[in-house]
Each structure stands twice: as structure tokens, then as C-alpha cells.
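Colleague: Sharing a structure, written as C-alpha cells. Questions coming.
The values are calculated or read from the model by the stated rules, or taken from the named source; none is laboratory data. Since the model is a prediction, treat every value here as computed from it, not as a measurement. In this analysis, Cβ positions are derived from the backbone assuming ideal geometry, glycine residues included, and neighbour counts consider all displayed protein chains. Note: areas computed on protein heavy atoms with side chains; ligands, DNA, RNA excluded. Shrake-Rupley method; radii C 1.70, N 1.55, O 1.52, S 1.80 Å.
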Amino acid sequence: MALMATTRTQLSRFLTRTPTRPGFIAFNGSIRRPDAPPVHRNFSSSAAAAAVVPQREPMGVKEYEDYRRSLYGDITHKALLVDAAGTLLAPSQPMAQIYREIGEKYGVQYSEAEILNRYRRAYAQPWGKSRLRYVNDGRPFWQYIVSSSTGCSDAQYFEEVYNYYTTDKAWHLCDPEAEKVFLALRKAGVKLAVVSNFDTRLRPLLRALNCEHWFDAVAVSAEVEAEKPNPTIFVKACELLGIKPEEAVHVGDDRRNDVWGARDAGCDAWLWGSDVYSFKET
């Protein structure tokens, strides 16, 4: 499946229908899949081509694409929306390790396994103070999570943990090819946006990782006041890019939040780690 620029005329300079190794196809033209389960999806430009390589097709994909075609016809993708944590970015160290290491001087005694279990329980609880987890800088929510996970309510400890996760030490890009890929896509005329359930630390974090300039827009749930899978955040991202939702494809690692949410908004959607698991320069 190809991510396409605004017109087929433009694409003819970038995409070619070329057989690769057996079982892999590079696509040009309208969205189609071969009968063989594995395919090679190309995002291309004359300078560099960004490819996303899916694994085996899940059942029902053809039916879903036929359904989209019945609604929108053979609409080309004009934009790529990307989830942040878990797709574009990943923590550089396990959360429980960081909570424990920083917390040792504040008297945290739980093991990493205990911290992780307590974190999961706390995160799974309804956040009763707001319909949103991340309001503005998200401090009240994260104070609750950190204290519940570690048993430590020390304000200085919380601030040290909170500020750590705004630095490039705490996060790294999931794919080392990302910069080449996104810059090549922009050069090819594809619009790019980050769509993320995150607090207002996301923008400074993207700047710290030197990747904010890759994107035409950033839709942050704390700013939009809607969290995935609410389709509002996807619609807002498309508005910021100046496109219709059906002209965008979203890539994220959470089936409910990313795939179902994007599709409810009218976008196409691919699951990171299943439909798509890397961006590669070809």
C-alpha cells in the first residue's frame, strides 16, 4: 500500500510498480494489495524512498479496504499522521528502573517489578478529576501515578522524575531511519503530523530530540482537549494540515486508540508492530 502525494502526476516521478523479491510488491496508483499475504509498502521520493514493511495481513483487511473504497473511491493519501510514544518515540530505559533509581535517595524501597505492577494498576484506574488524563502539563495525573507506583509522595522526587521525561536522555527515536524518511516524505509533498495522547511536554520533547521540524503539525491531546480514541483529535490534526480525514493515514501502536480512533474519524489506519513495523530508506 503506498502513501501518495497529492496527484498521480506528481507520483509518477516518485513511484514505480516494480517487483522486488518474491512475495513483495512496490505499489503505484490506487490502493491495492496482492493475493500473497506479505507486501512491501512504498513511501517514495526522488531523493529517498521511505518504506514501511508489513508482516502478514490480518483477516478482514480486504473487506475493510473495499468498504473505504465504497465510501471514498480510490482516494490517495495526502498526509501521514504518526503516534508519538510507542511509534515515533520510545523510553530509553524501563519506567520502573527510572522510578527506582531516582527514588532511592527519597526512600523508595519497592523493586522494579513491584513498581511496574503498581504503575499498571494505577494507570488502569479511572481518572476521576477530569475526563482527560492529560490536562495542560498533566502534573496532577502524573503525581498520582508516581506516588501510587512508588509509595513516595515527596514533591521534589516527583519533579525530578517529571522533568527527566522532558529530556532527550529519557527518550529515543524508535527508528534510526526516521529523519531521512520524514524529510523525504515532506519533499515528496506529503503532509506530516504527530497525533498523541500526551501532556504539554510533548513539544519541548520533540525539540529536544531535534525532530519537531519534521512535522507540519502536532496535535496533542492536552491542547486539543480530546484523547484517542476520540476521533476529535484526528479531525483536528487533519484541519491543521488542511486536508480531509479520508485523505490521511495514521500509524500507531495501539489498536483501540490509534486504529479504531483514526478510522472513526474517517482516516485510514495502520497498526505499528503489525501492519507496519519500520520505516526504511530504499
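Colleague: Extension gain Ser153-Trp260, at 0.36 nm per residue separation less the Cα-Cα distance, in nm?
Modeller: Length gained between Ser153 and Trp260: 34.9 nm.
Colleague: Subtracting the Cα-Cα distance from 0.36 nm times the residue separation, let me have the gained length for Glu160 to His172 in nm, one decimal.
Modeller: That pair, Glu160 and His172, stretches by 2.4 nm at full extension.
Colleague: Can you pull the accessible area of Lys187 for me, 1.4 Å probe, Å² to the nearest 10?
Modeller: The accessible area comes out at roughly 140 Å².
Colleague: Distance in nm between label sites at Gln125 and Ser92, each 7 Å beyond Cα in the beta-carbon direction?
Modeller: 3.2
Colleague: Further question: How much accessible surface does Glu179 have with a 1.4 Å probe, in Å² rounded to 10?
Modeller: Spelled out: Glu179, probe radius 1.4 Å, area about 80 Å².
Colleague: Which order do peptides 191-197, 85-91, 135-141 fall in by mean Cβ count within 10 Å, highest first?
Modeller: 191-197, 85-91, 135-141
Colleague: Could I ask something else about it? Rolling a 1.4 angstrom probe over the protein heavy atoms, how many square angstrom per residue are accessible across segment 180-233?
Modeller: Accessible surface, normalised per residue, equals 35 Å².
Colleague: What residues qualify as long-range amide H neighbours of Trp270, i.e. H under 5 Å apart, gap of 5 or more or another chain, H built at 1.01 Å from N?
Modeller: It is His250, Val251, Gly252, by chain and number.
Colleague: With θ set to phi - 60°, apply the Karplus curve 6.51 cos²θ - 1.76 cosθ + 1.60 along segment 88-93 and write out the HN-Hα couplings as whole Hz, x wherever there is a Gly or Pro.
Modeller: 7, 10, 9, x, 7, 9
Colleague: For segment 72-226, what does the relative contact order come out to in percent, with C-alpha contacts under 8 Å and a separation of six or more?
Modeller: Here the relative contact order equals 32 percent.
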